[in-house]
Amino acid sequence: MNKKDIFILAIESSCDETAAAVVKNGREVLSNVISSQIDLHKLYGGVVPEIASRKHIEKINQVIEEALNEANVTLQDITAIAVTYGPGLVGALLVGVSAAKAISFATGIPLVGVHHIEGHISANYIENKQLEPEFVCLVVSGGHTHLVVVQDYGEYEIIGRTRDDAAGEAFDKVARAIGLGYPGGPKIDKLSKEGNPEAIRFPRAKVEDAIYDFSFSGLKSAVLNYLNSCEMKGEKVNAADVAASFQKAVIDVLVDHALHAVEEYGYHKFAIAGGVASNSSLREAFEKECTARNIEFYYPSPIFCTDNAAMIGVAGYYEYLKGTRHGYDLNAVPNLKLGER
């Protein structure tokens with residue numbers, strides 16, 4: 001083991017995954033342990049914050065121990081502890097933050113708080129070793145739809161965001177409406193392969209005064225209105241066609257806004273991140289458009305798209321190099337803005 005090597009123990013608990021990882025020198029993932037609660041929350045059709053927090057408390061120590069064992073390191077080898085402290089569910093975040101502070105206090109290992117969205121963006125560095133800032137990144141998940149210029153490691157300019165529902169939130173709500181259940185994203189992705197994306201023309205919203213902003217609540221309402229109209233007329237609904245047409249409407253908007261920004265800002269590199277970034281149709285659409293426009297396209301493997309600690313370890317590594325350190329007063333910040341400290 002090289003003394004100059006930097007080992008980050010990372011902890012992520014912002015929603016319903018309890019995760020820990022060990023990352024070496026910012027790009028090498030030695031372990032990435034995720035304890036998912038999906039089966040638990042399926043019963044309720046979405047994440048129940050109180051249940052999520054309790055489950056994190058049960059799992060956190062076990063997951064951290066497993067991550068260290070799998071990486072074949074001990075706390076003596078760890079250079080810094082990185083932990084998600086926002087945004088997310090406050091109770092869930094508190095579990096991870098408390099665990100990280102406790103380990104830091106007991107061992108004297110420096111503590112580095114990490115922004116969850118910064119983690120998602122940093123997931124792209126794991127498998128794309130050649131990727132370095134500057135580039136444009138689209139972060140699409142259950143809670144966020146952000147279009148970000150990555151100016152440097154840890155330095156971001158948000159140029160577009162959702163005005164209402166995040167893309168992943170719209171997927172979940174439409175999935176529930178057509179009887180697919182939770183989590184909506186993967187289920188719509190799968191069902192839409194059996195449907196015709198041109199069957200129903202759903203709206204593509206544009207925000208007049210902000211060309212890079214997103215709005216998905218009108219699209220969600222249009223799907224619900226279509227379903228209600230079919231029910232009132234006694235018409236049979238083709239769920240696969242609804243899923244495919246809805247998904248196409250979301251993808252059209254994401255691709256249009258993102259690539260317009262890449263070209264307007266004069267970049268040649270573009271990345272996607274977040275849970276929805278694992279959607280196969282979204283990747284295919286970006287792959288096709290980026291190739292046509294001569295833009296380099298990057299994306300993480302699905303395991304690094306959903307919430308995980310490896311991405312937090314990568315972001316934590318670059319924050320650590322910049323000199324970011326947090327005290328034991330570090331707290332969960334559920335509405336933390338990207339770029340805030």
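Among the residues in the stretch 207-224, are any in a helix (DSSP H, G or I), among the β-branched types (Val, Ile, Thr), under 30 Å from Gln151 (Cβ atoms) and in contact (Cβ under 8 Å) with a residue 24 or more places away in the chain? No, the stretch 207-224 contains no residue that is in a helix (DSSP H, G or I), among the β-branched types (Val, Ile, Thr), under 30 Å from Gln151 (Cβ atoms) and in contact (Cβ under 8 Å) with a residue 24 or more places away in the chain.
Out of Gly108, Gly154, Gly179, report the one residue that is outside the structural domain of Asp77 (by TED's automatic domain parsing), surrounded by fewer than 24 Cβ atoms within 10 Å (Cβ to Cβ) and either among the charged types (D, E, K, R) or out of contact with any helix residue (DSSP H, G or I) (no Cβ under 6 Å at 6 or more places or on another chain) (or both).
On the way: Gly108 fails: outside the structural domain of Asp77 (by TED's automatic domain parsing); Gly154 fails: either among the charged types (D, E, K, R) or out of contact with any helix residue (DSSP H, G or I) (no Cβ under 6 Å at 6 or more places or on another chain) (or both).
Sole residue among the options that is outside the structural domain of Asp77 (by TED's automatic domain parsing), surrounded by fewer than 24 Cβ atoms within 10 Å (Cβ to Cβ) and either among the charged types (D, E, K, R) or out of contact with any helix residue (DSSP H, G or I) (no Cβ under 6 Å at 6 or more places or on another chain) (or both): Gly179.
The residue pairs whose first member lies in the stretch 105-121 and is farther than 15 Å from His326 by Cα, whose second member is of a type in the set (Ser, Thr, Tyr), and whose beta carbons are closer than 6 Å, counting only pairs six or more residues apart or on different chains, are His116/Ser14; His116/Thr84.
The residues of the stretch 290-341 that are free of Cβ contacts under 8 Å to residues at least 60 places away in the same chain and of a type in the set (Gly, Ala, Ser), listed by number, are Ala292, Gly323. Scanning the stretch 1-33 for residues that are surrounded by 24 or more Cβ atoms within 10 Å (Cβ to Cβ), in contact with a Ser or Thr (Cβ under 8 Å, 6 or more places away or on another chain), more than 14 Å from His116 (Cβ to Cβ) and β-branched (Val, Ile, Thr) yields Ile8, Thr18, Val22. Taking residues in the stretch 27-49 that are outside any strand (DSSP E or B), and partners anywhere that are at pLDDT 70 or above and of a type in the set (A, V, I, L, M), the pairs with Cβ atoms closer than 6 Å and at least 6 places apart or on different chains are His41/Val47; Pro49/Leu89. It is to be established whether one or more residues within the stretch 315-322 are assigned by TED's automatic domain parsing to the domain that holds Tyr153, crowded, with 22+ Cβ neighbours inside 10 Å, at negative phi and of a type in the set (A, V, I, L, M, F, W, C). Scanning the stretch 315-322, I find no residue that is assigned by TED's automatic domain parsing to the domain that holds Tyr153, crowded, with 22+ Cβ neighbours inside 10 Å, at negative phi and of a type in the set (A, V, I, L, M, F, W, C), so the answer is no.
None of Asp152, Asp165 is touching a Pro at 6+ places or on another chain (Cβ under 6 Å), charged (D, E, K, R) and over 13 Å from Met311 (Cα atoms) except Asp152. For the stretch 256-276, filtered to residues that are in contact with a Phe, Trp or Tyr (Cβ under 6 Å, 6 or more places away or on another chain) and under 19 Å from Pro302 (Cβ atoms), the residue that is surrounded by the fewest Cβ atoms within 10 Å (Cβ to Cβ) is Phe270.
Go through the residues of the stretch 242-251 one by one and say whether even a single one is assigned by TED's automatic domain parsing to the domain that holds Cys290, under 29 Å from Val136 (Cα atoms) and part of a strand (DSSP E or B). Working first, answer last.
Restricting attention to the stretch 242-251, the residues satisfying the condition of being assigned by TED's automatic domain parsing to the domain that holds Cys290 are 242-251.
Next, from what is left, pick out any that are under 29 Å from Val136 (Cα atoms): 243-251.
Subset that is part of a strand (DSSP E or B): none.
No, the stretch 242-251 contains no residue that is assigned by TED's automatic domain parsing to the domain that holds Cys290, under 29 Å from Val136 (Cα atoms) and part of a strand (DSSP E or B).
The residues listed here are Val140, Val112; of these, the one that is modelled with pLDDT under 95, under 26 Å from Ala82 (Cβ atoms) and of a type in the set (A, V, I, L, M) is Val140.
The values are calculated or read from the model by the stated rules, or taken from the named source; none is laboratory data. Keep in mind the model is a prediction, meaning the values are calculated, not measured. Reconstructed Cβ throughout: ideal geometry from the backbone, glycine too, with neighbour counts over all protein chains shown.
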